[in-house]
Amino acid sequence: MVVVAIGASGVALLLLGLRVGGALTAAIPGLPDAGPVTTWALPVVRLLSDCFATVTVGMLVTAAFLLPGDGGSVSPHGYLLLRRASRTALGWTVAALSLVVLTVSDLLGQPLGTLEPATVISFATTISQGQSLMLQAGLALTTALLARAGVSRGIAVTVTILALVAVLPPAFTGHSAGAGNHQIAVTSLALHILAAAVWIGGLVALLIVRRSRLLAEAASRYSRLALGCFVAVTVSGLANAAVRLGSVEQLWQARYGWLVLGKLAALVILGSLGAIHRARTLPALHAGRPRAFGRLAAGELTVFAATVGLAVALSRSPTPIPEAGIDADPITELLGFPMPTAPTAGNLLGQPLPDMFFLTVCALGIGGYLAGVRRMHSRGHRWPIARTASWVGGLSLLAATTDLGVARYAYVLFSAHMAQHMVLSMLVPILLVGGAPVTLALRALRRPADPRVRGAREWLLIALHSGATRVLTHPLVALGIYTASLFGLYFSDLLGVLMRSHLGHLAMLTHFVVAGYLLFWVLIGVDPGRRRVPHPLLVIIHLASMMAHGFFGLVLMQTTTVIAPDWYTAVHPAWASSLLADQRLGAGIAWAFGELPAVVVMIVLIRQWIRADQREQDRLDRAADRAEATGEEDDLARYNAFLAAARTDSDPRRTSGTEQP
């Protein structure tokens with residue numbers, strides 16, 4: 001009965017939302033009606049797909065992170081959740097494939113019975129919306145297979161990450177991708193979907209294992225996770241609604257705004273129920289009364305189902321700010337914002353272009369780091385202020401480079417893009433490495449009360465000692481990744497491909513930071529987990545990176561072919577110089593930019609080398625002092641004796657006791 005009530009609430013709010021939002025009456029001009037089957041089946045199947053995805057993610061997250069394990073394996077209840085997640089992932093796969101067919105019928109206005117297989121295949125392989133659904137179906141099927149592949153914690157974590165990735169592809173199509181300012185719309189929707197899936201799915205998983213004696217501790221861990229998800233859902237939802245509505249008045253003037261108000265009301269109810277969980281249900285669970293959790297969680301899931309139904313209705317309803325159409329500005333449609341004016345200092349530092357991804361990363365990075373420093377101080381331990389300043393400065397520079405006006409010009413000018421690349425791959429990583437975040441995390445993170453539970457600190461240690469970390473921190477590997485970022489991106493067609501996709505653009509900028517961080521972590525990092533490499537070799541690696549960087553700049557300056565011509569021709573501003581002249585300016589920036597950071601890194605390397613030699617000498621001196629005090633030979637004395645003996649054995653005159661003229 002509970003499951004029926006939850007499902008009924010979701011379907012009821014879906015139908016009500018479709019009616020209120022006008023999705024059932026809206027028609028695409030010039031296209032025939034797809035028929036009642038497609039009209040009603042498409043939102044229902046979308047609701048089923050979202051439910052399957054949410055439950056799959058929740059069960060996998062709970063099995064991998066919330067429940068205690070059994071050595072290297074998941075717990076028996078974790079094993080149960082993995083098997084059930086495999087089944088729901090199969091349902092997710094079928095629903096995603098069904099959406100491909102229904103979406104073709106809806107877009108072309110053709111009833112299902114009249115669709116040709118070739119049309120469906122063409123949509124699934126050549127149109128972004130179809131490709132995203134096929135990608136989601138493939139990832140969901142892989143999740144289903146891997147969830148049954150074993151019971152180790154490593155597999156559980158791998159499958160969980162795969163499932164989280166699988167919920168994202170549809171976020172990069174539809175309303176958000178077609179709206180202006182998709183830097184906020186797309187990323188906020190992706191964050192919204194991820195947080196909601198973990199929040200709702202985790203509660204479903206806890207209800208499945210509600211008879212376990214481990215429920216109390218798992219619910220406590222889920223409560224902290226749910227609070228973070230609530231904040232993420234609220235912030236991302238408000239940001240996404242602001243982009244689609246355009247103004248506050250649309251909340252009560254537009255049908256779409258009415259549905260947004262309905263979701264906000266549901267969010268307030270869910271936040272209140274979560275507060276009741278923390279205040280009443282968790283103490284009841286620890287007191288041995290699990291029924292209180294079941295009743296309240298069932299009611300909360302009913303509201304969740306209604307909210308998901310409203311969300312699906314929103315995805316089918318026309319927005320007050322329409323998606324890009326026939327009369328849309330082609331530059332705005334391509335970039336997500338109008339063509340900027342000629343660059344000035346005010347324009348480069350002003351006219352922000354906020355991106356939810358980098359804003360979220362920077363805010364969480366700074367907040368988490370400062371929380372760790374505060375915890376260290378509360379325990380009576382000091383943390384160097386220089387490290388804190390380095391980390392905060394690095395993330396602040398990352399936010400400025402990706403969210404201020406310079407980010408606008410990086411889309412339309414190769415020179416601005418190159419300046420952004422150099423800052424993200426050199427200055428930002430050097431500052432972040434100087435913050436020693438891994439060391440702070442290992443000292444500040446608490447160990448779980450239950451040793452069978454792996455917390456953030458335990459997973460961090462596993463990652464640091466993994467084979468992948470050992471491979472990536474090899475100096476030649478780190479140097480190869482950094483160098484490939486330069487030559488592979490600009491001397492192929494990859495730059496133009498990545499610039500045309502918001503996801504590709506995010507991946508490119510993220511790679512700049514990660515590749516630079518890896519190289520400088522190997523060279524000058526102080527965190528554990530790095531390979532122990534002799535300082536002379538590190539100096540040679542750094543010199544090699546400087547030579548590769550300089551060679552890249554020289555080759556780029558001598559290039560007479562425009563890089564990514566399709567992209568830069570389409571977005572070239574009327575006030576800018578020629579494409580080739582701007583490209584040469586970018587090449588000059590790349591060639592000259594690395595000098596100061598390279599000198600700074602070399603100074604740090606030499607300083608660390610001197611300090612390492614001094615520490616070794618101090619160790620030998622202490623050993624000699626101990627040997628003199630105890631009358632025993634130390635390592636240095638034994639080494640000197642070995643050299644003397646070797647010299648005697650190699651000199652026949654000393655061996656015979658006579659000197660030869």
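A short reminder: the numbers here are calculations on the coordinates, not readings from a lab. The structure presented is a predicted model; accordingly, all values stated were derived computationally and were not measured. Note that each Cβ is placed from the backbone with ideal geometry, even for glycine, and that neighbours are counted across all protein chains shown.
Points worth noting:
- Taking trypsin sites (Lys or Arg not before Pro) across the range 485-592, the ones in a DSSP loop with at most 12 further Cβ atoms lying within 10 angstrom of their Cβ are ARG532.
- For the range 419-436, 3J(HN,Hα) per residue [Karplus equation, 6.51 cos²θ - 1.76 cosθ + 1.60, θ = phi - 60°, Hz, x = Gly/Pro]: 4, 4, 4, 5, 5, 6, 9, 10, 5, 4, x, 4, 5, 5, 4, x, x, 6
- Nitroxide proxy distance, nm - points 7 Å out along Cα→Cβ at ARG470 and LEU537: 1.4 nm
- Placing unit charges on the Cβ atoms of the charged side chains and taking the dipole of the range 366-464 about its Cα centre, the candidate lying farthest along the positive direction among THR402, GLY372, MET418 is GLY372.
- Among the trypsin sites (Lys or Arg not before Pro) within the range 196-231, those in coil by DSSP and having at most 11 neighbouring Cβ atoms inside 10 Å are ARG211, ARG213.
- Put simply, the amide H of SER73, placed in the peptide plane, has neighbours under 5 Å in ARG153, leaving out anything fewer than 5 places away on its chain.
- Per-residue Karplus couplings for the range 94-102, computed as 6.51 cos²θ - 1.76 cosθ + 1.60 with θ equal to phi - 60°, are listed in order as 4, 5, 5, 5, 5, 5, 4, 5, 5 Hz, Gly and Pro entered as x.
- ³J(HN,Hα), Karplus 6.51/-1.76/1.60, whole Hz, each residue of the range 337-353, x for Gly, Pro: 7, x, 4, x, 6, 4, x, 9, 4, x, 5, 5, 8, x, 6, x, 10
- Restriction of the trypsin sites (Lys or Arg not before Pro) in the range 378-483 to DSSP coil positions whose beta-carbon has at most 11 other beta-carbons within 10 angstrom yields ARG379, ARG382, ARG446.
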